[in-house]
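To keep things clear, I will list the structure first and then write my remarks on it.
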Amino acid sequence: MSEDQDVGEHRRPARLPRADGPLVDVTLPDGQHLYAVVRSRRREDDGSWWYDLQIHLPSQGTERDRLLAVPAAVDFRAPAGACTPLDGQDYDHVPTVRAGVTPPWRIEEPVYFTNDPGPARIVHRGDCRAVRDVSHPATADQARAALEHPDTAPCPLCRPDRPLRAAA
């Protein structure tokens, strides 16, 4: 058996890459395909569905004056029609956002422009106005799991850790 399997009009590796969420096969406007992690799905005011997705591309970094290839997260949105679910992926815990409805929790991925970066992620209550950078909706379980990581902090203003830990 070969490493690739025919799937519809394109080829798919027999083994999917490791990811920190469920993967979908995204068809790009030029017909190319790529795997992306589903961060959330959104129903817009016009009734259409869109997916908030993330991929990691190589980027240049340094360590002890050595150049390194490091992964850089790239977030993008694609219409549901361009995203094909994959067998074996669990989409049950993907947050669903509907236009005009506030999610219960948000996970922010701040962008720092100084040499003194803060946490890699900040967990907020869904209606917190302190969210400044890229964020995505989260379920209570996802917010709790994020707070377990040492590089994640609760928002000091809305303090989502209090109700999340009390309900656990």
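Before moving on, here are some points about what is shown:
- Residue check for residue 139: in contact with a helix residue (DSSP H, G or I) (Cβ under 8 Å, 6 or more places away or on another chain) and open to solvent by less than 80 Å² (accessible area, probe 1.4 Å): no
- Residue pairs meeting the criteria (Cβ under 6 Å; at least 6 apart or on separate chains; first assigned to a loop (DSSP other than H, G, I, E, B), in the range 112-125; second surrounded by 16 or more Cβ atoms within 10 Å (Cβ to Cβ)): 119/152; 119/153
- Of residues in the range 38-94 being in contact (Cβ under 8 Å) with a residue 24 or more places away in the chain, out of contact with any strand residue (DSSP E or B) (no Cβ under 8 Å at 6 or more places or on another chain) and among the acidic types (Asp, Glu), the one most open to solvent (accessible area, probe 1.4 Å): 45
- Filter result for residue 147 (within 18 Å of residue 20 (Cβ to Cβ) and either aliphatic (A, V, I, L, M) or without any contact (Cβ under 8 Å) to a residue 12 or more places away in the chain (or both)): yes
The values are calculated or read from the model by the stated rules, or taken from the named source; none is laboratory data. Computed from a predicted structure; not experimentally measured. Note that each Cβ is placed from the backbone with ideal geometry, even for glycine, and that neighbours are counted across all protein chains shown. Side chains are part of the model used for accessible areas, which takes the heavy atoms of the whole protein and leaves out ligands, DNA and RNA. Shrake-Rupley method; radii C 1.70, N 1.55, O 1.52, S 1.80 Å.
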